[in-house]
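Step one of this worksheet: look at the structure below.
The values are calculated or read from the model by the stated rules, or taken from the named source; none is laboratory data. This is a predicted model, so every value here is computed, not measured. In this analysis, Cβ positions are derived from the backbone assuming ideal geometry, glycine residues included, and neighbour counts consider all displayed protein chains.
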Amino acid sequence: MKSLGLSRIPKRFEICGALSSIVKGVPWMSEAFDRILRTLLLVGCFSLVTAVGSSLSFAADAHQGKAIAERWCTGCHVVEPEQKSPATDQAPPFASIARTPEFGANKLAILLLEPHPNMPKLALSRAEVADLAEYILTLK
């Protein structure tokens, strides 16, 4: 290393260089070393994608939320302005729900997880709740 003018290279890099030259000298060891490096690279990329992917949030879809509302909610709620009347007068219209302070997907999820009297228990995914909330917010 000194002949190349690299006398200040840390010892750990010299060890890596020595290990690399040993591995390259033995064919089966070189193949195993390459396989291990490829595996580590693949695992690292997968971990990165998983970590970043789980933190991303996808935009809620109001059109899908409207379809969910029409399927599950029209029996009790007025879910769109064109709807004449709900089956019951006990459930608030979605437009008035949209105007409640701090309404959003989290608040709707809480309402759906802890149903109140006369509210059926719905098993919606987080994405469906977000879509439904997004649709409700379009009615402000």
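How many residues, within region 48-71, are assigned to a helix (DSSP H, G or I) and at pLDDT below 90? Walk me through it before giving the result.
If we filter region 48-71 for residues that are assigned to a helix (DSSP H, G or I), which is where we start, we get 48-55, 62-71.
Checking which are at pLDDT below 90 leaves us with 48-55.
Adding up the residues that qualify gives 8.
For region 108-135, enumerate the residues that are in contact (Cβ under 8 Å) with a residue 12 or more places away in the chain, more than 18 Å from Val78 (Cα to Cα) and outside any loop (DSSP other than H, G, I, E, B).
Once the filter is applied, which keeps residues that are in contact (Cβ under 8 Å) with a residue 12 or more places away in the chain, more than 18 Å from Val78 (Cα to Cα) and outside any loop (DSSP other than H, G, I, E, B), region 108-135 yields Ala109, Arg126, Ala127, Glu128, Ala130.
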